[in-house]
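Please read the structure below before turning to the comments.
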Amino acid sequence: MYRREFVKSSGKYLLASTFFSFDLGQSFSEPLYFGICTDVHKDLVPDADDRLTAFIEECRKRDPDFIIQMGDFCTPKEANRHFLDIFNSFKGPRYHVIGNHDTDGGFAKEDTVKYYGMSSRYYSFDLNKFHFIVLDGTVGPYPWTPEPDQVNWLQADLSATQLPTIVFIHQPLENAEIISNADLIRSILEKDRKKVIGCFGGHRHMDYMKVVNDIPYFQINSMSYFWMGPQFARSVSDVAMDQKFPAMKYFTRYRDPLFCFVRISKKGKIEIEGRSSVFIDGTPSERGYSFETVLRDEVTASITKRVYHV
């Protein structure tokens with residue numbers, strides 16, 4: 001079943017809702033509720049602290065089982081310590097995914113892993129009778145290729161659990177142009193379709209969901225902006241700001257920080273509660289940007305509300 005509709009909320013946000021149903025008869029013994037943010041880019045935007053604070057304050061109100069940031073968070077330098085402290089102020093479990101910009105400035109991945117307090121650059125954990133796998137997609141030159149050791153670890157880790165499993169990775173696994181061995185990794189996930197119930201990615205600063213061989217791949221939009229590139233640069237009036245954040249003229253920011261909360265019911269329903277905003281530095285089309293998309297709502301200042309039945 002497929003149904004799509006738009007609903008206006010009672011607040012200032014416009015929530016776009018998409019409903020998918022692929023009933024495989026699966027049910028879970030425990031419900032689950034967690035918060036996600038990704039691609040805030042502390043080192044590229046001037047108000048990253050405020051955006052992350054808004055997410056953490058909402059998390060305190062909602063009290064999710066855990067929170068996770070999915071990469072392009074901040075580089076591991078002392079000047080960003082307060083930013084990391086904002087994330088760490090959430091009292092519940094907190095998890096990190098390494099993004100391709102989290103080692104900018106000459107930092108090694110080991111520096112970032114230690115700075116974030118991660119156990120490893122890829123790892124897994126169990127919570128509420130669910131299994132979670134965190135992968136490191138930023139390996140080698142672009143397009144990135146998670147190395148054989150990590151792929152073998154993934155296969156062994158997935159084989160060792162009997163719990164319903166969710167995968168987190170910064171880069172989208174449904175796109176072989178970004179992860180060169182995405183087909184191989186997906187084939188491992190597909191060996192037991194009833195075990196892997198979903199995969200979450202970021203990196204593209206877009207909003208969509210694609211189902212590949214019965215596994216849903218959720219693309220979570222950036223907390224901060226949509227990137228267009230130097231050829232679509234806007235004029236700059238604040239020279240001081242441009243000197244401090246030179247990349248900002250190449251993208252258009254979202255007025256409000258984007259993040260989402262995911263609820264998985266005992267009956268196997270995955271529900272994403274998203275947020276919508278507006279572009280404040282001109283829409284991509286106004287800036288002359290065009291993008292050939294499969295889904296017409298990929299380039300948008302929103303994270304769509306979705307319901308998917310496992």
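Annotation: of all residues in segment 143-171 being in contact with a helix residue (DSSP H, G or I) (Cβ under 8 Å, 6 or more places away or on another chain) and buried (at least 19 other Cβ atoms within 10 Å of the Cβ), the one that is nearest to GLY268 (Cα to Cα) is THR165. Does THR103 count as β-branched (Val, Ile, Thr), modelled with pLDDT under 95 and either surrounded by 18 or more Cβ atoms within 10 Å (Cβ to Cβ) or closer than 28 Å to PHE251 by Cα (or both)? So THR103 fails the test. Just to verify a result, which residue in segment 7-37, among those that are in contact with a Phe, Trp or Tyr (Cβ under 8 Å, 6 or more places away or on another chain), of a type outside the set (A, V, I, L, M, F, W, C) and at pLDDT 50 or above, is nearest to ARG275 (Cα to Cα)? If we take residues in segment 7-37 being in contact with a Phe, Trp or Tyr (Cβ under 8 Å, 6 or more places away or on another chain), of a type outside the set (A, V, I, L, M, F, W, C) and at pLDDT 50 or above, then GLY35 is nearest to ARG275 (Cα to Cα). Of all residues in segment 83-98, which are in a loop (DSSP other than H, G, I, E, B) and surrounded by fewer than 18 Cβ atoms within 10 Å (Cβ to Cβ)? Within segment 83-98, SER89, LYS91, GLY92, PRO93 meet the criteria.
If the condition is being within 19 Å of the chain's Cα centre (by Cα) and either among the β-branched types (Val, Ile, Thr) or farther than 13 Å from PRO93 by Cβ (or both), then segment 124-141 contributes SER124, HIS131, ILE133, VAL134, LEU135, ASP136, GLY137, THR138, VAL139. Counting the residues of segment 71-82 that are in a loop (DSSP other than H, G, I, E, B) and small (Gly, Ala, Ser) gives 1.
The values are calculated or read from the model by the stated rules, or taken from the named source; none is laboratory data. Owing to the predicted nature of the structure, the values given are computational and were not obtained by experimental measurement. Counting neighbours? That spans all protein chains shown, and the Cβs are built from the backbone with ideal geometry, glycine included.
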